[in-house]
Amino acid sequence: MAESLKGKVVLITGASSGFGMDAAWLFAREGCKVVLAARRIERLQALAAGIQKEGGEAFAVPVDVADRQEIQLMVDTVLDLYGHIDILFNNAGFGRLAWHENLDAERDIETQLNVNLHGVIHVTHAVLPGMLKQRSGHIINMSSVAGWIAAPTYTIYAATKFGVRGFTDALRRECEPFGIDVSGIYPGPAKTEFGQHTGDHPMRKSVLRRYFRSMSSDEVAERVVELAKRPRRAVIMPWYYRVAIWADWHMPWLVDWITESFLTKRRNSYKDSR
Ligand code: NDP
């Protein structure tokens, strides 16, 4: 049976746009107290004001998830305000997609690892003790289909998202006996501001891209809220990526051949902008 989310305290990282912002609206409409976290505080405040205007409860807190002190401050602020956290949606992240040798060591490699992987780990590390004490909670980690299938030009992004998947599975097996659910969500491409940060990446121009539709941000946000109501190990969406993941696992030579033929071997026509 679906659990009612009314009155639950939900902390969302990366709530200033995309999946995080849309999930915030949906959680608020379910009667949750929504804590909105990201770096762009003015956006969060505007979102909180919008939710409050609709009769919901929302609160904005600035955080850079690459900074451990800021993470602790964020979690302390939420605990001071509400005393506990019921649901953590670890969603903040970005992708810088290019041939590996063209990635900038600081901006594209270090920062991506710090935000997408270390951020998820450290936010969870700060929230978990409270959940263990109350013997309840749900941690939802945003990974990606790139956490299952590693495509050319996705080296670091895939490393972070595979990392989130491993972290999620291990944590679930640690926490389940103590009343805490841990889930991973693995979406394919979706229309958000994500594309504004990737750089002019080669995959965008590949014929392979034509075969994969982009979801709306709402579709993903709806699945996140559904997951909060009915906790599961993993959500992979759209469904056909389950077939692609199966193929990558059982016939990696086929996926190598497809990606190499349609992308890598044509890399001269798919130069990135760096
Ligand atoms: P958006 O760019 O729209 O949202 C990204 C969010 O992450 C923003 O709110 C941004 O806020 C926040 N963020 C980025 N860096 C930091 C940081 N250092 N500290 C705190 N917050 C940060 O993209 P999406 O909504 O698409 O992305 C959300 C998640 O979904 C990401 O983890 C992404 O990897 C994943 N994903 C996206 C897919 C897609 O195709 N769109 C597919 C699969 C997974 P701010 O800049 O204000 O800090």
Of the conditions (1) within 10 Å of the ligand (Cβ to nearest atom); (2) assigned to a helix (DSSP H, G or I); (3) buried (at least 20 other Cβ atoms within 10 Å of the Cβ), A28 satisfies every one except a single condition; which number is it?
(1)
Lone qualifier among D86, D67, D76 - being surrounded by 18 or more Cβ atoms within 10 Å (Cβ to Cβ) and among the charged types (D, E, K, R)
D86
With respect to I41, is the statement that it is under 18 Å from V225 (Cβ atoms) and in contact with a strand residue (DSSP E or B) (Cβ under 9 Å, 6 or more places away or on another chain) true?
no
Just need a number here: residues in region 108-154 that are within 18 Å of K8 (Cβ to Cβ) and either within 11 Å of the ligand (Cβ to nearest atom) or among the polar types (S, T, N, Q) (or both).
5
Listed residues E54, E42; which is within 13 Å of the ligand (Cβ to nearest atom), surrounded by fewer than 23 Cβ atoms within 10 Å (Cβ to Cβ) and more than 21 Å from I140 (Cβ to Cβ)?
E42
Sort through F162, F194 and tell me the only one that's away from the ligand (no atom under 12 Å from the Cβ), farther than 30 Å from R135 by Cβ, assigned to a helix (DSSP H, G or I) and within 14 Å of the chain's Cα centre (by Cα).
F162
Across region 1-21, what is the total count of residues that are more than 8 Å from the ligand (Cβ to nearest atom) and of a type outside the set (S, T, N, Q)?
11
Give me the pairs: first residue in region 1-24 and on the phi > 0 side of the Ramachandran plot and in a loop (DSSP other than H, G, I, E, B), second residue of a type in the set (D, E, K, R) and modelled with pLDDT of 95 or more, beta-carbon distance under 8 Å, and six or more apart or on different chains, which are they?
G7/K33
Give me the residue from region 90-107 that is closer than 18 Å to R39 by Cβ and more than 10 Å from the ligand (Cβ to nearest atom) and, out of that set, surrounded by the fewest Cβ atoms within 10 Å (Cβ to Cβ).
E106
Can you tell me which residues in region 215-260 are farther than 18 Å from V164 by Cα and not in a helix (DSSP H, G or I)?
M215, S216, R230, P238, W239, M251
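The values are calculated or read from the model by the stated rules, or taken from the named source; none is laboratory data. Just so you know, these numbers come straight off a predicted model, no measurement behind them. Every residue, glycine as well, gets a Cβ built from its backbone with ideal geometry; the counts of neighbours run over all protein chains shown.
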